[in-house]
Structures are given as structure tokens and as C-alpha cells.
Amino acid sequence: DGSTWVNIGAYVTGTTVADWTAANPSMLIFKYNESNYGSQSAGWSYLWDTSTELLPGSGYMAMLPQNQDALISVTGPFAMGDINIDLTFTDDPNQSNETVDGWNLVSNPYPSPVNLEQILSRVDGVEAYWIYDNSGDGAYITRNDQGVGDAPSTLDIGQSFWVKVSANQTLTFMES
């Protein structure tokens, strides 16, 4: 279809869908909810309400039409302090395919790059992360907590990423 998908996240508190779509009214914002039963696609929801607040630490995917871009500019207070992000694992009793359970889309909550390998190394049960590579063939790139993989070790400002868990976990971003 020619659309471009981008991993994205808020790092300014009070950010709304309208703040992002003001940069390009054709941009669509999606959130993923791991606890929705069914296939992996059942977790997606389109954020149609422009007043919906986009929370620092929550991950989103933005879809832009082919050959369009968006320069998002949002003002407000930054997310500060240590930030805990709950990662969920919901075992769907209606299917036995464990590959669809436990996927969480989260983001860098800070207005600065972070070393994602360091963050993951503090959480037993979160061994790798995935980022959509919209510059290549539309595949995901990955890196584990030991530094092996083709995804960047530094997570950019406002970038979301995927992690997979097999039990509920907490991912902590430490401001220090």
C-alpha cells in the first residue's frame, strides 16, 4: 500500500493525538494492547479521539501515507524521575500459540537517548527488543541484552520498541 510505519512514543507529559496529527493530518496513530485475546492483530486499536493522551513510556505506531512525513513539535513538561512500565503476559485460553502472547509496545519516556541494553539487563525475563525498520524491506531489527543484533543499542528520543515476556514484568527506566 506504500504507507510508512514508524515506532513512536511521547516524552512530554500531556501530549495528545491532536498534538501529533497537527504535523500531518493524514497520519494515523495506533496503540497495541497485549491483553486483547486472539491473534496478534487483535491487540491493535486506532486512536481516533484527538483528545486521547499519549503517555510517556507507552509505545505507539504511526502510519504515514507514501512519500509524506511529519515533523512533530510538542511543548510541555518532560517525563522525569524513574519510570516503571508494566509489561503484561496474557495467556489466551482460546489458542495455544504462545508466539502471540506477551508482546508489549513501549517507548523511551525521556527527552534524551537511552541505552536500551542497560535497561533490559536489569530485568530477568526481557532478553531482547525489536524495532520496525522502515528504511529497509519493512522487517523488524532486533538486539538482545548482550548487545547482539542489528537494532541500535541506543534508543532515540520518542522511539518505541517491542519486547516479549512470558510472565508479567516491570521495565524500569532510571533517570540517573
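The values are calculated or read from the model by the stated rules, or taken from the named source; none is laboratory data. Because the structure is predicted, anything quoted here is derived from the model rather than measured. Virtual Cβ from ideal backbone geometry, glycine too; neighbours counted across all protein chains shown. To get the accessible areas, we keep the full protein, side chains included, count just its heavy atoms, and leave off ligands, DNA and RNA. Shrake-Rupley method; radii C 1.70, N 1.55, O 1.52, S 1.80 Å.
Filter segment 123-171 for residues that are under 25 Å from residue 12 (Cβ atoms) and assigned to a loop (DSSP other than H, G, I, E, B) and give the result. Listed by number, the residues that qualify are 134, 151, 152, 153, 156, 157, 158, 159.
Taken together, the residues in segment 115-144 that are under 17 Å from residue 105 (Cα atoms), more than 17 Å from the chain's Cα centre (by Cα) and among the acidic types (Asp, Glu) amount to 0. Condition test on residue 21, is it over 30 Å from residue 98 (Cα atoms), of a type in the set (Val, Ile, Thr) and surrounded by fewer than 17 Cβ atoms within 10 Å (Cβ to Cβ)? Taking the combined requirement at face value, the residue does not satisfy it. Filtered by the rule that a residue be in contact with a strand residue (DSSP E or B) (Cβ under 8 Å, 6 or more places away or on another chain), in contact (Cβ under 8 Å) with a residue 12 or more places away in the chain and more than 17 Å from residue 113 (Cα to Cα), segment 146-176 gives 149, 163, 164, 165, 168, 169, 170. Selection of segment 104-117 for residues being part of a helix (DSSP H, G or I) and open to solvent by 20 Å² or more (accessible area, probe 1.4 Å) yields only 117. Every listed requirement among (1) closer than 20 Å to residue 145 by Cα; (2) crowded, with 19+ Cβ neighbours inside 10 Å is met by residue 101 save one, (1). Just so you know, in segment 118-138 the residues that are open to solvent by 40 Å² or more (accessible area, probe 1.4 Å) and touching an Asp or Glu at 6+ places or on another chain (Cβ under 7 Å) include one that is nearest to residue 84 (Cα to Cα), and it is 121. Scanning segment 46-76 for residues being surrounded by 13 or more Cβ atoms within 10 Å (Cβ to Cβ) and of a type in the set (Ser, Thr, Tyr) gives a total of 4.
When the criteria are applied in full, residue 149 meets the requirement of being more than 22 Å from residue 79 (Cβ to Cβ), surrounded by 14 or more Cβ atoms within 10 Å (Cβ to Cβ) and at pLDDT 90 or above.
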